[in-house]
Amino acid sequence: MSLWIVLAVLSQLLNAGIVLVDKYVLARGSKIGEPVAYAFYVSILSGVVLVMVPFGVVGIPSAWLLFMSFVGSISFVIAILHLYRALKSGHASDAVPVSGASSALATAFLASVFLAEDLPRAFIPAFFLMVIGTFMIGRFRLSWKALGSIVFAGIFFGVSAISIKLVFMEGTFFDAFFWSRMTNVVVALMLLLVPENRRLIFHGYRGASGGMKSLIVMNKAIGGVASYLFLIAISLGSVSMVQAMSGLQFAFLLVFAYIGSFWFPVFKHEIHPEQFKHQIFGVICIGAGLAALFLVH
């Protein structure tokens, strides 16, 4: 089994738990749970990579590497802003599958245009099985406006993934990792140029409890690990397949939501008994896609 596949699976396992905590924070009505404020703090925490500087592993980036890092970061911030708006007003099990499937399709299209990937022999059947499974898991209790916003988020996640892949192709792993994270910080600071954003961001921080701040920091620390695994998987393997494997996140999400619903009522609405057959079919499709990827060489 390829290392990048294992890392991609682990990153999706962590991301499933992260999304549910995001949903919890956004649904609590806390000011720090305003989408623009949450997106700001999620992005600004990428600055932790500054600890790499004293070790001398980071070099001066080329203009192309820096440009593509900014493209990836701008796309990422746009994507999470739209996704957090959907999570705040809706259910993770509805919004995230649509975003993931849209992202997988956008990534595959962009990869065919900009990259010459060495795809696995089972790529086409595995890819479509996982995309079909992703759509089947969602129940789609979405308005057209919300659906458009989530698809928009997915497309920009795809743009971000392709940009990051190009960054890794341009520089060393440490350079690509460092500058792709630091441009997240710069883009987050750019949000402060809008007065209303500044009000929401700073008011949200002052109005949040210490427990909520700690929860966010802990969740994003885990998110940093997930992001690191995801970036290694992208650097080593097929960016299209790594992104398509986000469908696996939704299978994990359903399991975590079911377990979490015993303690946190906000998660109970993520489980849809009347849609259970569709969700099981979706999980089977995702599992079949992964099996094809693992077994066909």
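Suppose the Debye formula is applied to equal point scatterers at every Cα of the chain; what is log10 I(q)/I(0) at q = 0.07, 0.13, 0.16 Å⁻¹? Summing over Cα pairs of the chain leads to -0.25, -0.89, -1.35. For the set 222, 60, 80, the ranking by accessible area, highest first and with no ligand, DNA or RNA atoms included, is 60, 222, 80 under a 1.4 Å probe.
Of the DSSP H helices in the chain, those that are both long (alpha-carbon extent of 24 Å or more along the helix axis) and hydrophobic (Kyte-Doolittle mean at least 0.0) are 3-27, 63-89, 92-114, 144-170, 173-190, 210-236, 276-295.
Rounded to the nearest 10 square angstrom, residue 136 shows an accessible area of 60 square angstrom against a 1.4 Å probe.
For the chain, the mean residue ellipticity at 222 nm estimated from helices alone is -26000 deg cm²/dmol, where every DSSP H run of n ≥ 4 contributes -39500 (n - 2.57) and the total is divided by all residues, rounded to the nearest 500. For the pair residue 10 and residue 128, the difference between a 0.36 nm per residue extended length and the Cα-Cα distance amounts to 40.4 nm.
Ordering of 183-191, 51-59, 7-15, 155-163 by packing is 155-163, 7-15, 183-191, 51-59, highest average first (other Cβ atoms within 10 Å, averaged per residue).
Over the chain, Cα pairs under 8 Å with separation of 6+ residues give a relative contact order of 39 percent. In this simple spin-label model, placing a label point 7 Å from the Cα along the Cα-to-Cβ direction at both residue 186 and residue 277 gives a separation of 5.4 nm.
The values are calculated or read from the model by the stated rules, or taken from the named source; none is laboratory data. Bear in mind the structure is a predicted one, so any value in this text is a computation, not a measurement. All Cβ positions, even for glycine, are placed from backbone atoms using ideal geometry, and neighbour counts span all protein chains on display. Only protein heavy atoms, including side chains, enter the accessible area calculation; ligands, DNA and RNA are left aside. Shrake-Rupley method; radii C 1.70, N 1.55, O 1.52, S 1.80 Å.
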